[in-house]
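> The following block contains the structure, expressed as structure tokens.
The values are calculated or read from the model by the stated rules, or taken from the named source; none is laboratory data. These numbers come from a predicted model, not from an experiment. Neighbour counts are summed over all protein chains in view; Cβ atoms, including those assigned to glycine, are modelled from backbone coordinates with ideal geometry. For the accessible areas, the whole protein counts, side chains as well, though only heavy atoms, and no ligand, DNA or RNA atoms are used. Shrake-Rupley method; radii C 1.70, N 1.55, O 1.52, S 1.80 Å.
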Amino acid sequence: MSNGTSPAKDRPSVGRTLQQARIDARLTVDEVSSATRVRAQIIHAIEADDFSRCGGDVYARGHIRMIARAVGGLDPAEVMALYAEQEGEATLPPPTAPVFEAERIRPEPRRPNWTAAMVAAIVAVIAFVGFTFAGGGGGSAGSVANESPSPSPTAEDGEEGAEQESEAPPADPEPDPSDEAVAGVPADKVTVVATVESGSSWISAKDASGRLLFEGVLEDGDSQTFVDDEQIDLVLGNAGAVQLHVNGKPLESVGEPGQVQRLTYTKGDPEEG
């Protein structure tokens with residue numbers, strides 16, 4: 001990687017662009033480091049256009065992209081294009097997400113989905129009952145095949161069957177999807193579902209004891225579920241891109257695009273009213 005190449009005369013360098021955006025956002029280097037998990041010494045080096053401390057071109061690109069998102073007010077794609085121009089490269093390499101995947105801390109294994117297991121059991125019982133009735137109350141397949149066809153139903157049989165159908169009780173209405181979502185959340189625990197709906201966001205989640213449940217960048221459409229007996233602590237690097245469901249209930253908004261938010265939820269959240 002070449003660090004001596006000067007940027008275009010009419011454009012600021014990558015380091016100067018990131019530094020100015022951080023200053024405009026009134027963020028310190030330590031705050032950006034906390035939001036991106038990029039060490040403060042590396043951020044200082046990047047702002048000085050020294051990318052040698054990043055550990056390679058792929059890591060430099062990943063650090064620059066996360067810093068651009070954390071400080072806000074910048075288009076990461078434009079910053080990456082400026083970096084490619086500054087480093088004398090014609091095109092950008094493939095996305096760096098697979099490389100950084102190994103650095104992300106894996107979330108805790110999900111707890112068993114008892115609701116899905118109960119639904120599967122009910123479906124199996126219904127299928128068994130239906131098979132029993134279709135087999136003529138337990139008769140063998142051979143005996144059914146050898147029997148003569150039954151006579152066609154008469155008009156009286158048709159009227160009698162119609163009366164029986166009309167007397168059948170109406171089916172129960174389908175449950176509301178939101179009611180099912182609330183019912184599926186354990187009442188004695190704190191459950192937070194974080195989904196990125198636009199852009200991407202760095203997210204950190206800890207339980208009541210301070211144990212790290214998840215830390216990494218979620219892209220558009222990604223989702224993570226966090227569960228604890230008492231409390232979930234969140235840090236969102238780009239709060240405007242994150243939709244939260246707390247204890248089965250959606251929250252309207254948790255912040256603005258580019259805003260760093262620190263949030264805490266317990267079993268009583270969100271409050272009624």
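> Considering segment 192-218 alone, what residues qualify as being of a type outside the set (Gly, Ala, Ser) and in a loop (DSSP other than H, G, I, E, B)?
Residues of segment 192-218 that are of a type outside the set (Gly, Ala, Ser), as a first pass: 192-193, 195-197, 202-203, 206-207, 211-215, 217-218.
Those that are of a type outside the set (Gly, Ala, Ser) and in a loop (DSSP other than H, G, I, E, B): GLU197, ARG211.
> Using beta carbons and a limit of 7 Å, which pairs, at least six apart or on different chains, have the first residue in segment 5-30 and farther than 20 Å from GLY62 by Cα and of a type in the set (Lys, Arg) and the second one modelled with pLDDT under 95 and assigned to a helix (DSSP H, G or I)?
ARG11/LEU82
> Criterion first (under 25 Å from ARG26 (Cα atoms) and at pLDDT below 80) does GLY199 satisfy it? Even if it seems obvious, please write down each step before you answer.
Numbers: under 25 Å from ARG26 (Cα atoms): yes; at pLDDT below 80: yes.
Yes.
> Considering only segment 25-70, state which residues are surrounded by 22 or more Cβ atoms within 10 Å (Cβ to Cβ) and either touching a Leu at 6+ places or on another chain (Cβ under 6 Å) or aromatic (Phe, Trp, Tyr) (or both).
Correct list: PHE51, ILE67, ALA68.
> Can you tell me which residue among GLU219, GLU174, GLU180, GLU230 is farther than 22 Å from SER33 by Cβ, open to solvent by 20 Å² or more (accessible area, probe 1.4 Å) and modelled with pLDDT of 80 or more?
On inspection, the qualifying residue turns out to be GLU230.
> Here's a follow-up. Of all residues in segment 248-262, which are touching a residue at least 24 places away in the same chain (Cβ under 8 Å) and surrounded by fewer than 20 Cβ atoms within 10 Å (Cβ to Cβ)? Before the answer, list the steps.
So in segment 248-262, the residues touching a residue at least 24 places away in the same chain (Cβ under 8 Å) come out as 248-249, 257-262.
Within segment 248-262, GLY248, LYS249, PRO257, GLN259, GLN261, ARG262 meet the criteria.
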